[in-house]
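Below is one structure; the comments refer to it alone.
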Amino acid sequence: METNDTNSKFLPIAVVAAGLLIAGAVVWNGTRSPGPAGSPPAGTAPKVNVKNIKFENSPFIGAANAPVTIVAWGDYQCPFCKKFEVETLPQIIKNYVDTGKVKIVFMDFTFLGNDSTTGALYGRSVWRLYPDKYFAWRTVMYESQDAEGDQGFGNAASIDKLDAKIPGVDAAKVAADVKANAATYQALVDRDKVEAQKEGVNATPSFVIGTELIAGAYPFAKFQSVIDPLLK
């Protein structure tokens, strides 16, 4: 009985400690992961190279012939993706995209529910119909993000309302296009995930720059340390 009493006093502490370690790991890493299923076995990590990634017909910003390409995987329902979009991406755009040095290709890695897929399909449609409006649309999508998963904003009806507020975007046309071309857009979304897993990506946001993989919503300095050597 004495042993059982002792164990009962320390079990909650152990559980709390384990929880803190897990939470700390998530915050430090700055990614949202679907789990280990897509992870390569230990010792078999693929060799990362942006030149090997198939991203034809994917949305992008920057000069098409920019000397450096960043391939970015995200999920519109991912809170860490929003963190990157709000805190880090504007600095990358100001310092590298607007100066013609970097092109950023946006690819989908959907895993947080039906709303993740819906957002990805709408993104493909906006890019096809209104490529000059895509980045503004993307920005508003992340600004509108609420609870993770299928719990609020992110279904077709809510995105239709958002589209109607973006100047130059015909919400009804986008909605009809998504329905008409869902299979085509889904094939591109599926391809994005295949390309991600080939590069060892199993969480969002993740980025391939040259031969480097960055997994997480890191500050601008992290990206700067990878980009600058490629520009020399």
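Give, as a single signed number, the net charge of other residues whose beta carbon lies under 15 Å from the beta carbon of Glu199, with Lys and Arg counted +1 and Asp and Glu -1.
Numbers: positive: Lys47, Lys51, Lys54, Arg191, Lys193, Lys198; negative: Asp108, Asp192, Glu195, Glu212.
Local charge sum for Glu199: +2.
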Most exposed first by the Cβ proxy, i.e. fewest other Cβ within 10 Å, how do Ile53, Ile159 rank? Ile53, Ile159
Could you give the size of the charge dipole of the stretch 54-167 about its Cα centre, using +1 on the Cβ of each K and R and -1 on the Cβ of each D and E, expressed in debye and rounded to the nearest 20? 440 debye
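For the stretch 87-179, what is the convex hull volume of its Cα atoms per residue in Å³?
Here the figure is 106 Å³ per residue.
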I need the P(r) histogram for the stretch 43-129: all alpha carbon pairs, bin width 10 Å from 0 out to the longest distance, whole percents. 16, 41, 37, 6, 0
Provide the packing ranking of 162-170, 75-83, 112-120, i.e. peptides ordered by the mean count of other C-beta atoms within 10 Å per residue, highest first. 75-83, 112-120, 162-170
Around Lys51: net Lys/Arg minus Asp/Glu count, Cβ-Cβ under 14 Å: 0
What distance in nm separates the simple spin-label points at Ser225 and Asp160, each placed 7 Å from Cα in the Cβ direction? 4.8 nm
Provide the descending list of Cα extents for the stretch 56-230 along its principal axes, expressed in whole angstroms. 45, 30, 27
Förster radius 22 Å - calculated FRET efficiency between Ala176 and Asp132 (Cβ-Cβ, nearest 0.05): 0.65
Please compute the net charge surrounding Val68, taking Lys and Arg as +1 and Asp and Glu as -1 over other residues with Cβ under 12 Å from its Cβ. +2
Using +1 at the C-beta of Lys and Arg and -1 at the C-beta of Asp and Glu, which of Ile104, Asn65, Ala175 has the Cα lying farthest in the positive direction of the dipole of the stretch 56-230? Asn65
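FYI, it's all coordinate maths here, none of it is from the lab. All values derive from a computational prediction rather than experimental measurement. In this analysis, Cβ positions are derived from the backbone assuming ideal geometry, glycine residues included, and neighbour counts consider all displayed protein chains.
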